[in-house]
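Here is the structure we will look at, set down as structure tokens.
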Amino acid sequence: MIDLKYIEKNFDEAATKLAKKGVDSALLDDLKELFAKLKEAKAEFENVRAEQKSLSKEFGAYKAQGKDVAELKAKLDDLKEQANKLSNIADKLEKELEQKALNIPNFPDDVVPEGKSEDDNVEIKKVLTPKEFSFTPKEHWDLADKNGWIDFERGVKLAKSRFAILRNDAAKIERALINFFLDFNTKNGFNEVCPPVLSNSKMLQGTGQLPKFEDDLFKIDGEDLYLIPTAEVPLTNMFNDEILAESELPLLMTAYTPCFRKEAGSAGRDTRGIIRQHQFDKVEMVAITIPEQSEEVFEKMVQNASDILTALGLPHRLVELCGGDLGFSAARTIDLEVWLPGQNKYREISSVSNTRDFQARRAKIRYKDGKKNKLANTLNGSALAVGRTLIAIMENYQNEDGSIDIPEVLKPYMESRV
RNA sequence: AGAGAGGUGUCCGAGUGGUUUAAGGAGCACGCCUGGAACGCGUGUGUAGGGCAACCUACCGAGGGUUCGAAUCCCUUCCUCUCUGCCA
């Protein structure tokens, strides 16, 4: 959640920042007005309540002394009615304000470039040069057919469209990648976690998926539970409503989980192949830091994801997302895009974000700084999306006859094949 | 799923209608003690909001109710523990 006090005191600055993300300043006006109204309503209520409390004490004393309380009671009855009325007004305003505030996205960092869509993202650097093929490289779905690696029809039969079954070596590579990623991250200081893949609504609100993006989530019928869209949700919320000791920060975590997304609004996009599925595997990194540290940890996470791609011999590039392409909770995001020779373009394979204190404020993740409690910073990033890595390996390691080589670093993880 | 017990501050824990204005302890911070530390002693210390000082308000799992007054009584609901059932 954004900092309402900050908006109150630095309205123009806040409006400028959010304009970068495409937020209409009228929304902020609304928010500011509500905030002021709420303050006033609360003050009014508190005054009445204070009187009510102090007279109630007198009432007790009167009774003890055997004095007549009729007059006092009439006064108190009146105050009670007033207090109820005022508290209802304040409650209503508070709920309205909260609902509106929960739907305002995070402020972008100053380094975030202006822009409306992904076309305005800024390339930071390229890593590894795509290799020249002596033949026209195929797309991954053709290679999948040729090798019997992906069973699209039966995936649809089991569930519905955008579900697929990995078979033969594809299933083995998927598993090998998960293990390779987890080992790689662990060696770089990330602690391995194996969380639930269902999450309740409070946690999803903590990381920003709810209330705004309910349509993207699979919900369990009759329960306050959703399938997680990313391990960011359970890992970050492990510390929901907790106060951490400064000495235990930064907390660096990594987890493999399947992820579930309805992909509402992407009808027709990436319908071939397994680029965009309702269920996909991902190994995620999450960090909880003090504010002064989050920049450094952010760089580390980007570097870590890039190093994995390099270790796999996959050409990729780093892209700084522009304001318009930035996610709801992110203050800053760097995407890693892997080279797909079959598609002849770079495609997103990892997204590393610093949410600053946006999620921490929603999820009440704090740390004790000497005496005071302060909001922590939370960061997340993929290292990496497993299915898309499989695609990248297929397309980059393909031979003219359609066979596919296995990257060296993966071979120790695939002894049953080699 | 059934029966019983319970949810109080960073943690443990007392508290069955009015000096609870949440006891006490641990932890933490500061000071004394020390060559330095531990121990010991003293002081401070729940969270959030408003004035930003005194002070005021909300919060005892959540929501509702009773009452002049609720951590305390009633209802609903969630969670935890123990036993039973089921299960990888």
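State whether one or more residues within segment A:394-416 are closer than 16 Å to A:Leu235 by Cα and either modelled with pLDDT of 95 or more or in the same structural domain as A:Lys172 (by TED's automatic domain parsing) (or both). Reasoning before the result, please.
Let us first name the residues in segment A:394-416 that are closer than 16 Å to A:Leu235 by Cα, namely none.
Among the residues of segment A:394-416, not one is closer than 16 Å to A:Leu235 by Cα and either modelled with pLDDT of 95 or more or in the same structural domain as A:Lys172 (by TED's automatic domain parsing) (or both), which makes the answer no.
Hand me the list of helices (runs of 4 or more DSSP H) wholly inside segment A:1-113 holding 2 or more residues that are polar (S, T, N, Q). Break it down into steps so the answer makes sense when it comes.
Numbers: elements: A:4-9, A:11-20, A:25-65, A:70-102.
Counting at least 2 such residues, we get A:25-65, A:70-102.
Hey, among the residues in segment A:308-317 that are touching a strand residue (DSSP E or B) at 6+ places or on another chain (Cβ under 9 Å) and open to solvent by 10 Å² or more (accessible area, probe 1.4 Å), which one's nearest to A:Pro113 (Cα to Cα)?
This residue is A:Arg317.
Would you point out which residue out of A:Glu96, A:Glu13, A:Glu81 is outside the structural domain of A:Gly208 (by TED's automatic domain parsing), modelled with pLDDT under 90 and within 13 Å of RNA strand B (Cβ to nearest atom)? Break it down stepwise before answering.
Details: A:Glu96 fails: within 13 Å of RNA strand B (Cβ to nearest atom); A:Glu13 fails: within 13 Å of RNA strand B (Cβ to nearest atom).
When all the criteria are applied, what remains is A:Glu81.
For segment A:53-65, enumerate the residues that are open to solvent by 90 Å² or more (accessible area, probe 1.4 Å) and within 7 Å of RNA strand B (Cβ to nearest atom).
A:Lys53, A:Lys57, A:Lys63
I'm checking my understanding of the structure. Among residues of segment A:338-375 that are in contact with a helix residue (DSSP H, G or I) (Cβ under 8 Å, 6 or more places away or on another chain), among the small types (Gly, Ala, Ser) and under 23 Å from A:Val283 (Cα atoms), which one is modelled with the highest pLDDT?
The extreme case among them is A:Ser350.
Pairs under 8 Å by beta carbon, first residue surrounded by fewer than 15 Cβ atoms within 10 Å (Cβ to Cβ) in segment A:92-116, partner among the hydroxyl-bearing types (Ser, Thr, Tyr) and not in a loop (DSSP other than H, G, I, E, B), six or more apart or different chains?
none
Could you check how many residues of segment A:120-144 are modelled with pLDDT under 95 and either within 26 Å of the chain's Cα centre (by Cα) or more than 29 Å from A:Val319 (Cα to Cα) (or both)?
So the count comes out to 0.
Among all residue pairs at least 6 apart or on different chains, which show Cβ distances below 8 Å where the first residue, located in segment A:225-251, is more than 17 Å from A:Ser201 (Cβ to Cβ) and part of a helix (DSSP H, G or I) and the second is within 16 Å of RNA strand B (Cβ to nearest atom) and of a type in the set (A, V, I, L, M, F, W, C)?
Between residues of segment A:225-251 that are more than 17 Å from A:Ser201 (Cβ to Cβ) and part of a helix (DSSP H, G or I) and residues that are within 16 Å of RNA strand B (Cβ to nearest atom) and of a type in the set (A, V, I, L, M, F, W, C), the close pairs are A:Glu246/A:Ile290.
What's the number of the only condition in (1) surrounded by 16 or more Cβ atoms within 10 Å (Cβ to Cβ); (2) more than 30 Å from A:Asp335 (Cα to Cα); (3) touching a Phe, Trp or Tyr at 6+ places or on another chain (Cβ under 8 Å) that A:Asp68 fails to meet?
It fails just one condition, (1).
Given (1) more than 11 Å from RNA strand B (Cβ to nearest atom); (2) touching a Phe, Trp or Tyr at 6+ places or on another chain (Cβ under 6 Å), identify the lone condition not met by A:Phe107.
(2)
The values are calculated or read from the model by the stated rules, or taken from the named source; none is laboratory data. Quantities reported herein were computed from a predicted structural model and do not represent experimental measurements. Please note: Cβ atoms are built from the backbone with ideal geometry, for glycine as well, and neighbour counts cover all protein chains shown. Surface areas here come from the heavy atoms of the whole protein model, side chains and all, with no ligands, DNA or RNA. Shrake-Rupley method; radii C 1.70, N 1.55, O 1.52, S 1.80 Å.
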